[in-house]
Amino acid sequence: MERAGIDLNGVRYRWPSRPVVVVCIDGGDPAYFERGVRDGVVPNVARFLEKGFGTVADGDVPSFTCPNNMSIATGSPQSVHGISGNFYLDRETGEAVVMTGPELLRSPTIMSEFSRHGARVASVTAKDKLRRQLGKDMDLSRGSANFSAECADERAPEKTGVEDALALTGMPKPDIYSPELSLFVLEAGIKLLEQRRPDILYLSLTDYVQHKYAPGEPEADRYYRAMDDKFGRLHDLGAVVALTADHGMNDKANPDGSPRVIWLQDVLDARFGKGASTVICPITDRFVAHHGALGGFVRVYCHGRLEPEDVRRLAARLDGVEVAYDKATAVERFDLPPDREGDVVVISRADTCIGAAQADHDLSGLAGHRLRTHGGISEAKVPFILNYPLRAEYAARAAAGRLESHQIFDFAINGTELG
Ligand SMILES: [Zn+2]
């Protein structure tokens, strides 16, 4: 008997007839797959593209990890799920608020909704910061699981749905700054598929490698070859495999290797005085060594009598800025939650990033590497790849216009033609 599916954020998801695995390749700029296919580094992805479906889709701006993961996981834009960065400024308290708490997420995830309707689901993430939002209201009672590679050695089965994640994968606990952190997530997905055969599986990786290495560099190739091997194993286990990314990645360094940065807080302080504005870099999290908290999108909050329009005009004229929008324009163009937006949004070009005050950014972690980072419009293109072809209705939708990455669960669950 066909089981009823679920309805979430305007989309009806049918009950999957076989496991559906969505992989979010953190920082997985389309250029890595383009280069990897050409160089024979990713044979399984090449086969998916040939036999299944592949395009480049639009991710959300700001092209950061948390917003895009939540868009993918809820099948909705930021205005619906509410997570528009890692940080926003609470105007009441004047404090920067971390946006990783489940209480800030305004929509259930597709996984949690399926779990509450009797499905077995799993989400595995590289960094723990996403885990609680992805697992919000998830029912773990039927073999569902929700854990991170970062905390793989924590034994908390009542919270994670697994007794021992290290034993499950047979891998040692990976370092937070390593390709293995992501490979651990994929291996956990393979083992869960073998042992529990969940209906829905979401695997979210980390962008450590992409922040450090450009497409075609040996370390990037090694990582993509290892990932590709695991994508092939997921396919061989009979799953629908969907690959996308939360954001792309661009080189933002000068010819001499130093980061090409606009220190926006310093510019605003010099022009309008200290304390007149606050620049928030919503890329910030606890692990910033690989990007120094520098990204392509910042929020500016104006205090006292400072006019947002004066800030916007000044920022728009700076070399390296792609656009500066007032709040209303940014909210409309990028479908953002208005209550969590700044007075002005400043977005840099592909070759430049934006910081707050130079003194507040620790760049020692870049250690001789060129800065590669993300956050702007130029990093919002992502892969959208399925290992099976699309049914006619979905093929027509794909042909009619650009897809958005938050449609990937819809296409993977409802849109594939299973041979
Ligand atoms: Zn990311």
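Tabulated data
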| item | result |
| --- | --- |
| Qualifying GluC sites (Glu not before Pro) for the stretch 1-51 [loop in DSSP, other Cβ within 10 Å: at most 10] | Glu2 |
| Estimated 222 nm signal from helices in the chain, with DSSP H stretches of n ≥ 4 weighted -39500 (n - 2.57), rounded to 500 | -9000 deg cm²/dmol |
| Whole-number D in µm²/s for the chain (Stokes-Einstein; Kirkwood sum over Cα pairs; 25 °C, 0.890 mPa s) | 114 |
| Per-peptide average of other Cβ atoms within 10 Å, ordering 5-15, 205-215 highest first | 205-215, 5-15 |
| Residue order for Phe231, Phe53 - accessible surface, 1.4 angstrom probe, largest first | Phe53, Phe231 |
| Rounded percent of accessible protein surface that carbon and sulfur make up, the chain, 1.4 Å probe | 48 |
| Overall dimensions of the stretch 1-119 as given by Cα atoms, namely Rg and Dmax in Å | 17.7, 55 |
| Alpha-carbon gyration tensor eigenvalues x 5, square-rooted, for the stretch 290-393, Å | 28, 23, 12 |
| Cross-link reach list, lysines versus Lys274, counting only Cα pairs under 26 Å and skipping chain neighbours closer than eight places | Lys327 |
| Positive-end extreme of charge dipole, the stretch 123-275 - chosen from Leu193, Ser178, Ser123 (charges on Cβ) | Ser123 |
| Local electrostatic count, Val279, Cβ distance below 10 Å [Lys/Arg +1, Asp/Glu -1] | -2 |
| Accessible area of the chain divided out per residue, in Å², using a probe of 1.4 angstrom | 38 |
| Charge dipole (debye, nearest 20) of the stretch 161-215; +1 at Cβ of Lys and Arg, -1 at Cβ of Asp and Glu | 80 |
| Bins of 5 Å from zero: percent of alpha-carbon pairs in the stretch 30-83 | 4, 18, 20, 15, 13, 18, 9, 3 |
| The stretch 360-419 - Rg and Dmax from Cα coordinates, angstrom | 18.1, 55 |
| Cut-off 14 Å between beta-carbons: net charge of the residues surrounding Ala152, Lys and Arg +1, Asp and Glu -1 | -3 |
| Alpha-carbon spread of the stretch 60-148, three principal axes, descending order, Å | 43, 23, 20 |
| Magnitude of the charge dipole, the stretch 307-405, Cβ model with Lys/Arg +1 and Asp/Glu -1, debye to 20 | 600 |
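The values are calculated or read from the model by the stated rules, or taken from the named source; none is laboratory data. None of the values given here were measured: they were computed from a predicted structure. When we count neighbours, we look across all protein chains shown, and the Cβ atoms used for this are built from the backbone with ideal geometry, even at glycine. In case anyone asks, the SASA skips ligands and DNA or RNA and just uses the protein heavy atoms, side chains included. Shrake-Rupley method; radii C 1.70, N 1.55, O 1.52, S 1.80 Å.
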